[in-house]
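Please read the structure below before turning to the comments.
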Amino acid sequence: MAFLAFASEVNPLYANAYIEAKKIKNKKAPKPKKDFLTIEEYQALLESIDISTKAGFKTLYPYPCNV
């Protein structure tokens, strides 16, 4: 669209193509439903991680931070 606007300014021969392109409606995709975990589900997820092992601790805290 931007190129056609530029081309129509440079050469008026393309003005009709720009006007026709502006008439085309953009298709919009339906927005997906956002599902979130409930507090209970999130709590169960965190409680399922075994932090007594090194792998479990890394799963819970994947980045170095002050804990």
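The values are calculated or read from the model by the stated rules, or taken from the named source; none is laboratory data. Values in this document were obtained by computation on a predicted structure and should not be read as measured data. Neighbour counts run over all protein chains shown; Cβ positions are idealised from the backbone, glycine included.
In the stretch 19-41 there is no residue that is touching a helix residue (DSSP H, G or I) at 6+ places or on another chain (Cβ under 6 Å) and either basic (Lys, Arg) or modelled with pLDDT under 85 (or both). Taken over the stretch 17-62, the criterion of being of a type outside the set (A, V, I, L, M) and under 19 Å from Met1 (Cβ atoms) is satisfied by Tyr18, Glu20, Lys22, Lys23, Lys25, Asn26, Lys27, Lys28.
Do you know which of the residues in the stretch 2-51 that are surrounded by 10 or more Cβ atoms within 10 Å (Cβ to Cβ) and outside any helix (DSSP H, G or I) is nearest to the chain's Cα centre (by Cα)? Per the criteria, the residue is Leu37. Pairing residues of the stretch 11-40 that are on the phi < 0 side of the Ramachandran plot with residues that are modelled with pLDDT under 90 and of a type in the set (Ser, Thr, Tyr), at Cβ distances under 9 Å and at least 6 apart in sequence or on separate chains, gives Tyr14/Ser8; Ala15/Ser8; Asn16/Ser8; Ala17/Ser8; Tyr18/Ser8; Ile19/Ser8; Phe36/Tyr42.
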